[in-house]
Amino acid sequence: LSKVEKVKEMKGKIEESERNLKIQKRKREELNDSRNESSERAKKLQKLADAKETKKTLIAESEIFKQNDPLQMENALKEIEDVKKDIEILTDEIWGIKAFLVKKQGFSGKEVDKMMELKEDF
């Protein structure tokens, strides 16, 4: 297809889509007009709004309780202990490597600290 034919085809599709859009808007307006705005419907809509607000409040409250849940706290403490053990193991390994380099390889302690980028307070 040439560019002109493609443009004509696309314009036709656009026009068809615009017609469909107008038809759908008209149908929506007809449905809105035919809807009964009764007091019962208004009550139900108010009840729905209240329920949504209650749901938001309860979700917020459950988030607060979730943070203070004893089981969650226990799991967090276990994770902290596991991390502490891992850090202790890594620290021991670093000290072992440093000792090896100083004793067996003849480096000074300060050279090793500089190579391993260890701070003075390590």
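The values are calculated or read from the model by the stated rules, or taken from the named source; none is laboratory data. Note that the structure is a prediction, hence the values are computed from the model and not measured. Using ideal geometry, Cβ is built from the backbone for each residue, glycine included, and neighbour counts are taken over all protein chains shown. These accessible areas exclude ligands, DNA and RNA; they are computed on the full protein's heavy atoms, side chains included. Shrake-Rupley method; radii C 1.70, N 1.55, O 1.52, S 1.80 Å.
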How do the pairs read when you match residues in region 87-104 that are closer than 15 Å to residue 118 by Cα with residues anywhere that are open to solvent by 100 Å² or more (accessible area, probe 1.4 Å) and of a type outside the set (A, V, I, L, M, F, W, C), using Cβ under 9 Å and keeping only pairs 6 or more apart or on different chains?
none
Would you confirm, using the coordinates I've provided, whether residue 52 is modelled with pLDDT of 90 or more, in a helix (DSSP H, G or I) and basic (Lys, Arg)?
yes
Which members of region 24-47 meet the condition of being exposed (fewer than 10 other Cβ atoms within 10 Å of the Cβ) and either of a type in the set (A, V, I, L, M) or in a loop (DSSP other than H, G, I, E, B) (or both)?
31, 35, 36, 37, 38
Number of the condition not met by residue 86 [criteria: (1) open to solvent by 100 Å² or more (accessible area, probe 1.4 Å); (2) closer than 30 Å to residue 120 by Cα; (3) more than 26 Å from the chain's Cα centre (by Cα); (4) among the acidic types (Asp, Glu)]
(1)
So how many residues does region 49-72 have that are over 22 Å from the mean Cα position of the chain (by Cα) and open to solvent by less than 100 Å² (accessible area, probe 1.4 Å)?
5
Filter result (surrounded by 11 or more Cβ atoms within 10 Å (Cβ to Cβ) and part of a helix (DSSP H, G or I)) within region 96-109:
97, 98, 99, 100, 101, 102, 109
